[in-house]
Amino acid sequence: MTFVYPSFLWALLALLVPIIIHLFNFRRYKKIYFTNVKFLRELQEESKSRSRLRELIILTCRCLALACLVFAFAQPVLNNGANPTPSGSSAVGIYIDNSFSAQNTVKQGPLIDVERMRARQIVNAFSSADRFQLLTNDFEGRHQRLLTKEDALTAIDEIKVSPAPRLLSEAIQRQSNFLSSSAAPVKRMFILSDAQKSTFNLQDCRPDSNIRTSVLALTPVQPNNTFLDTCWFESPLQQKGFIQKLHVRVVNDGAAKIEAGSAKLFLNGSQTALASFSLDPGASTEVLFTFECKQDGFNYGSVKIEDYPVTFDDELYFAFNASVSLRICLLNGRTAGEKNALTTLFKNDSLFKTEIFTEQGVDYAAFKRCDVLVLNQLREVSSGLLAELQKFTQQGGALLIVPPADGNITGINEALTTLGLPKLGEIDTATIRTDNFNERSVFFSGVFEKKQERVNLPLITRHYSLLKSNRQDFEPVINLQNGDCFLGIGMVNNARVFLTTSPFSDEGGNFTRHALFVPALYRLCFSAMRFVPMFYHSGANDAITVRSDEQGEEPPHIIKKDSSAGLIPEAHNGGGLLTVLTRGQIKDPGFYTLAFRGKPYLPMAFNYQRRESKLQSYTISDLDRIIQEKNFKNLSLIEDTGTDISQDLLLNQDGKKIWKLCLLLTLGFIALELLLLRLLK
């Protein structure tokens, strides 16, 4: 047995007062004279014996009443034996998992309400002298201080569901660091959570052995949730007036089958399409929306479903730019001519913004602005151009190298050597067709509607052989029927480098007049497009990469579409790119815009993270098994039986506090003393 306030035990010295009074009886007796004291003497002896017994009983009752009163003020605790509790006040940490999964229901009602109720019961199980730290998934600064009992109860009532998902290991580490700095001799930690498998990583935790930790797992009755996971377009490019196909993944994380679910597509504030789906328990499906992009520039859309009680993941926001253009930098060699196939293709399509230079006059500053760089039949490659090619591959994009038709490939081979690619060998003037290509290749994705059994293949009349190289990542995209490579691709730094072994001219064959020429060049250019996510996650540290030449001198801004909020994010320059970091500053989902110098540059959408969407939870037996496997000595489980857990906490965790019993015994001994004084006269 221990005492919460052992200093009150000094008051037991007050027991000396009734004992001293008993030992030194200060009562004065009055003498009465009798003529015959024969019978009186016997009566006197008998009365004296009875008086001493009565006084001893009354003294015992007084001492016991006084001792029990002192014990009541010292608050004795009967320990359970396994975890003895040190004496003194307590610093109690309570972690409430108020993530979006708290919208689910348990037997007693909504999970967040039950967590608040259990937290109040924990606080009420301690005394007013104890102090409490309240921690939620928000990790706010006000959680890093100790509260009185009254303030803790008030703070618990203010807890609401939060969009911030946290791993259990993060919460325990944060709370342990705070409690360890407390001077309180007794440190306790309570964890209230639905033990969701996606975030409750108990097996990865390292509980502080000096802090007794108790886990109260509140398992939902039947975790059902249907949510929108992600979305993507079939085509890498969206333009006004074109038909777009949007795929959306819907997941049924519940135990019930969805017979007739519906999803709605909204684009720029108007409902555009409707789709239906059915889902088996634990399955996922792709819902396809087909619509026409009617608005140029920035487009903002969302997909909605209806699901209860977890609703945070029932809407998926996305954004895209329908006026994207590719910047082409074309370097024509002397033998290419002014009107070659590449010049004609790039100049006549509004999708491309093309800058054309000759072999004799090149503006290297244009390399920083372009997405695709084409070396078309260059005879000479200067050292300055080689250095700029290295810089271009650092910033990303696509580089196409086309050899000249006259066999003068010295400059091209210098460039290939610098880039670490296979060099060109002897010229072959034999007429040969290209080999059958793989329509399922990533390079030709979306080009062919169906596989053709008999295809009119391009005819090549002049090509160069490729010398053997140790490079393993150079992949032929189109081969010739004799096994030679016609078009290959390799990664150099951050850029894709395409190499053709035949010139794009009439001397090289009919490839430039073939139906395959345009889609092949388009796919090559599309590969230079930087992947722009359709959405980001609120509360996360997402990285947004744009070209640094777009920035200017002013820092970038992220502005909400309705201009109700905005921030200046952290930004870093490097390799010709600007990386913008959100650092979790964007909390609310919805539509945003990345702007430079007050001009919108990139449409953005933010969604809540889907980590909390999968509601499967650990059972008590699962958690007990993990505790046994990890040998957590100072961590225990509290089973939620649906009743008040205050008494269970007192008995099973800290021991049973018996100050109320001491107070009742005090009143009982006082009553017994009064009864003895009345009856034993």
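The values are calculated or read from the model by the stated rules, or taken from the named source; none is laboratory data. On a predicted model such as this, the values are computed, not experimentally measured, just so you know. Using ideal geometry, Cβ is built from the backbone for each residue, glycine included, and neighbour counts are taken over all protein chains shown.
For first residues located in segment 342-361 and surrounded by 17 or more Cβ atoms within 10 Å (Cβ to Cβ) and of a type in the set (Asp, Glu), partners that are at pLDDT 90 or above and part of a helix (DSSP H, G or I) and lie 6+ apart or on another chain with Cβ distances below 7 Å do not occur.
So which of THR230, THR213 ends up being within 26 Å of GLY261 (Cβ to Cβ), part of a strand (DSSP E or B) and either touching a strand residue (DSSP E or B) at 6+ places or on another chain (Cβ under 8 Å) or of a type in the set (D, E, K, R) (or both)? Criteria check complete, one pass: THR230. I'm trying to understand the selection: among the residues of segment 505-515, which are part of a loop (DSSP other than H, G, I, E, B), surrounded by fewer than 21 Cβ atoms within 10 Å (Cβ to Cβ) and either small (Gly, Ala, Ser) or touching a residue at least 60 places away in the same chain (Cβ under 8 Å) (or both)? Within segment 505-515, ALA515 is the sole residue that qualifies.
Please work out if PRO519 is over 46 Å from the mean Cα position of the chain (by Cα) and within 25 Å of GLY396 (Cα to Cα). Judged against the criteria, PRO519 is not a match.
Would it be correct to say that VAL374 is closer than 24 Å to TYR592 by Cβ and either within 36 Å of the chain's Cα centre (by Cα) or not in a loop (DSSP other than H, G, I, E, B) (or both)? The answer is no for VAL374.
Would you list the strands (runs of 3 or more DSSP E) that sit entirely within segment 583-681 and hold 2 or more residues that are within 30 Å of ALA72 (Cβ to Cβ) and modelled with pLDDT under 90?
In segment 583-681, the matching strands (runs of 3 or more DSSP E) lie at 635-638.
If you check ILE20, ILE32 for being modelled with pLDDT under 75, of a type outside the set (Gly, Ala, Ser) and loosely packed, with under 12 Cβ neighbours inside 10 Å, only one passes: ILE32.
Is it true that some residue in segment 147-158 is modelled with pLDDT under 90 and not in a loop (DSSP other than H, G, I, E, B)?
No, that holds for no residue.
What are the residues in segment 240-259 that are in a strand (DSSP E or B) and either under 16 Å from PHE289 (Cα atoms) or among the hydrophobic types (A, V, I, L, M, F, W, C) (or both), if any?
Passing the criteria: ILE243, GLN244, LYS245, LEU246, HIS247, VAL248, ARG249, VAL250, VAL251, ILE258.
Taken over segment 412-435, residues that are of a type in the set (Val, Ile, Thr) and assigned to a strand (DSSP E or B) amount to 3. Remark: pairs (first residue in segment 413-429, within 16 Å of LEU480 (Cα to Cα); second residue surrounded by fewer than 20 Cβ atoms within 10 Å (Cβ to Cβ) and polar (S, T, N, Q); Cβ separation under 7 Å; 6+ apart in sequence or on different chains) = LEU424/ASN413; GLY425/SER465; GLU426/SER465; ASP428/SER465; THR429/THR461.
Please verify whether ALA528 is at pLDDT below 90 and over 30 Å from THR418 (Cβ atoms), treating the condition exactly as stated. So ALA528 fails the test. Only one of the numbered conditions (1) under 28 Å from GLN203 (Cα atoms); (2) surrounded by fewer than 17 Cβ atoms within 10 Å (Cβ to Cβ); (3) in contact (Cβ under 8 Å) with a residue 12 or more places away in the chain is not met by GLU140, and that is (3).
Could you tell me whether LYS48 is exposed (fewer than 12 other Cβ atoms within 10 Å of the Cβ), part of a loop (DSSP other than H, G, I, E, B), of a type in the set (D, E, K, R) and at pLDDT 60 or above? In short, no.
Figure legend. Inter-residue proximity from segment 244-267: first residues farther than 21 Å from LEU615 by Cα, second residues crowded, with 21+ Cβ neighbours inside 10 Å and hydroxyl-bearing (Ser, Thr, Tyr), beta-carbon distance below 7 Å, spacing 6+ or different chains. Indicated pairs: PHE266/SER302.
If you go through segment 603-619 and keep only what is of a type in the set (A, V, I, L, M, F, W, C) and out of contact with any helix residue (DSSP H, G or I) (no Cβ under 9 Å at 6 or more places or on another chain), you end up with MET604, ALA605, PHE606. With the structure loaded, tell me whether LYS304 is at pLDDT 90 or above and surrounded by fewer than 17 Cβ atoms within 10 Å (Cβ to Cβ) or whether it fails that test. In short, yes.
Considered as a group, the residues in segment 162-172 that are among the aliphatic types (A, V, I, L, M) and buried (at least 17 other Cβ atoms within 10 Å of the Cβ) include one that is modelled with the lowest pLDDT, and that residue is ALA164.
Is one or more of the residues making up segment 72-80 farther than 30 Å from PRO589 by Cα, modelled with pLDDT of 80 or more and among the aromatic types (Phe, Trp, Tyr)? Looking for residues that are farther than 30 Å from PRO589 by Cα, modelled with pLDDT of 80 or more and among the aromatic types (Phe, Trp, Tyr), one finds at least one in segment 72-80, hence yes.
Restricting attention to segment 392-411, the residues that are in a strand (DSSP E or B) and touching a Pro at 6+ places or on another chain (Cβ under 9 Å) total 1. The sole residue among ARG523, ARG471, ARG496 that is closer than 30 Å to PRO422 by Cα, out of contact with any Phe, Trp or Tyr (no Cβ under 9 Å at 6 or more places or on another chain) and not in a strand (DSSP E or B) is ARG471. When SER209 is tested against (1) surrounded by fewer than 15 Cβ atoms within 10 Å (Cβ to Cβ); (2) modelled with pLDDT of 85 or more, only condition (2) is not met.
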